[in-house]
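The values are calculated or read from the model by the stated rules, or taken from the named source; none is laboratory data. All of these numbers come straight from a predicted model, not from anything done at the bench. Note that each Cβ is placed from the backbone with ideal geometry, even for glycine, and that neighbours are counted across all protein chains shown. Note: accessible area is taken over every heavy atom of the protein model, side chains too, but ligands, DNA and RNA are not part of it. Shrake-Rupley method; radii C 1.70, N 1.55, O 1.52, S 1.80 Å.
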Amino acid sequence: MEKSQFEELKNGVQEIIDLMVAKDTKAANNKLLEVSEKLDEFLDHTDEDDDLIEISKYQVLINQLFQKINPEEEGE
């Protein structure tokens, strides 16, 4: 996978964090969904071990951000 795709994910995650800091939960959730969809798409189109490891790191980070944005949904 190209480095630009990981850079795109990194920028998307940073935007989510910035929106969380600004207390814009709705926009953060929307961006989280967008980045999550891109991550799934990248996962579907790669079979390189290094890329899969990097993608898994982003998946963990996205899950953590989701829990921070939506704490009421943790118990479900």
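Over the chain, dividing the summed -39,500 (n - 2.57) contributions of all DSSP H runs of at least 4 residues by the number of residues returns a 222 nm mean residue ellipticity of -27000 deg cm²/dmol. In the context of the full set of protein chains, the chain has a per residue accessible area of 71 Å² (1.4 Å probe). Sequence-ordered 3J(HN,Hα) estimates for segment 34-43 from the Karplus curve with 6.51, -1.76 and 1.60 and θ = phi - 60° stand at 4, 5, 4, 5, 5, 4, 4, 5, 4, 4 Hz, glycine and proline given as x. Between Asp50 and Gln64, the modelled label-to-label distance comes to 2.4 nm, taking each label 7 Å out from Cα in the direction of the beta carbon. Using a probe radius of 1.4 angstrom, the carbon and sulfur fraction of the accessible surface of the chain is 47%. What residue among Asn30, Tyr58, Ser4 has its Cα farthest toward the positive end of the dipole of the chain, where the charges are +1 on Lys, Arg and -1 on Asp, Glu, each on the Cβ? Projecting each Cα onto the dipole axis, the largest value belongs to Asn30.
About its Cα centre, what dipole magnitude does the chain give when the only charges are +1 on Lys and Arg Cβ and -1 on Asp and Glu Cβ, stated in debye to the nearest 20? Present the calculation step by step, with values, prior to reporting the outcome.
On the way: 8 positive and 21 negative charges, 112 e Å.
Once rounded to the nearest 20, the dipole reads 540 debye.
If you average over every viewing direction, what projected area does the convex hull of the Cα atoms of the chain give, in nm²? If I average the Cα hull's projected area over directions, I get 5.1 nm².
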